[in-house]
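The values are calculated or read from the model by the stated rules, or taken from the named source; none is laboratory data. Here the structure is a predicted model, which means the values were calculated and not measured. For neighbour counting, all protein chains shown are included, and Cβ atoms are generated from backbone atoms with ideal geometry for every residue, glycine included.
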Amino acid sequence: MSKSKWAFMVILVVGSILFIAGCGEGSDGDDGQADGADGEDVVLQFGTNLPESHIMAQGYQKMADEVEENSNGRLKIDMYYSDQLGNERDVTESIAQDIGGMAAIGTGEMARRDDTLLIFDAPYVFESLEHMLDFANGEEGQKIWDDFAEETNIRNLGLMYYGARHVTTANTEVHTPEDLNGVSLRVPDQPMPLAYGEALGANATPMELGELYLALQQGVVDGQENPLPTIHGNGFNEVQNNVILTGHVIAATGFVISEEKYQNLPEDLRTILDEAVETAVEDISADVVATEAEILEEFAEQGVNIIEPDLDAFRESSEYIYDEYEDVWGEGLYETIQGVAE
């Protein structure tokens, strides 16, 4: 057996053990979760890479509390923070295999399984947060999620705002893409971030988030790009002097569940879950917006150099991606998204 296959089997076995161990009494389904029939309780494990203190993680817990209350305890969601169930890729795989229960997964990770979703992480596709949410959670977006569920056994119940991605640098003031020439910019190790890192004018450098602080501190990379809550939460402002408000991606995270588990839920529990997710999407998105404003104020007070760059220049430098990836995410999809904003 190859090393890659062996590693995959280990992930599945460990995921199964964690899943079964975390299920409560009254769950007697084949994988440790009941289907809710005949009054049986349903227990779903929920995985996230965020710490419990993160504003979004707090929103996930509120959603879980609402589900349990409105179902009179028949549907319970147990939260696991900070990659306790594995990293984002592992958790996504467990859900696809119908081992895991629920999770909060970014569109970049989802796009590993469906190229259509690459468009969510393409630069300057969405004009605003409202534009992204209207498309993603509207009629046109639902077609994408239905196809995604059929192809992957992963059902996205709702996409929420993760934050606008901005660039930070240690010493280089950035106003145009030309200012990023020769700058090594850490990006997630995913296809679209690698593409938009180059489009922004930098040398895109893939790296795990957990390695980034030390890499910035030691000058292994010159800068990085992330939403403000991630920049703040990881202390990148301690080792980066400049925050450049490029806003190149309106980043999103989805509430996902195994399609098989979702369809096996009794109809009333599906409705309760859907309604709780809809509320959570609105509340969490608003909380992230408020947090972004607070962080910018804090950075300014700390003396961080906050730069409002030439956004038109960055948009123009990124436009070639739309033509380059049209055959990947589907002809006409970009135009459909722009039509939602009109």
- Item | Residue list for segment 88-129, restricted to those being of a type in the set (Gly, Ala, Ser), in a helix (DSSP H, G or I) and closer than 19 Å to Val328 by Cα | Gly108
- Message: Tell me yes or no: at least one residue of segment 246-253 is more than 30 Å from Met63 (Cβ to Cβ), under 20 Å from the mean Cα position of the chain (by Cα) and not in a helix (DSSP H, G or I).
- Response: yes
- Item | Matching residues, segment 189-202, being touching a residue at least 60 places away in the same chain (Cβ under 8 Å) and crowded, with 20+ Cβ neighbours inside 10 Å | Met192, Pro193, Ala195, Tyr196, Ala199, Leu200, Gly201
- Is it fair to say Asn153 is surrounded by 21 or more Cβ atoms within 10 Å (Cβ to Cβ) and outside the structural domain of Val304 (by TED's automatic domain parsing)? no
- Query: Taking the stated definitions as given, is Leu159 closer than 15 Å to Val256 by Cα, under 17 Å from the mean Cα position of the chain (by Cα), of a type outside the set (Lys, Arg) and in a strand (DSSP E or B)?
  - Reply: yes
- Query: What's the number of the condition Glu178 fails, among (1) assigned to a helix (DSSP H, G or I); (2) modelled with pLDDT under 95?
  - Reply: (2)
- Just name the residue that is nearest to Phe236 (Cα to Cα) out of those in segment 126-150 that are surrounded by fewer than 17 Cβ atoms within 10 Å (Cβ to Cβ) and free of Cβ contacts under 8 Å to residues at least 40 places away in the same chain. Glu130
- Note on the structure: A careful count of residues in segment 208-233 that are crowded, with 17+ Cβ neighbours inside 10 Å and assigned to a loop (DSSP other than H, G, I, E, B) gives 2
- Single match in Thr169, Thr205 (criterion: more than 22 Å from Tyr325 (Cβ to Cβ), buried (at least 19 other Cβ atoms within 10 Å of the Cβ), not charged (D, E, K, R) and not assigned by TED's automatic domain parsing to the domain that holds Ser53): Thr169
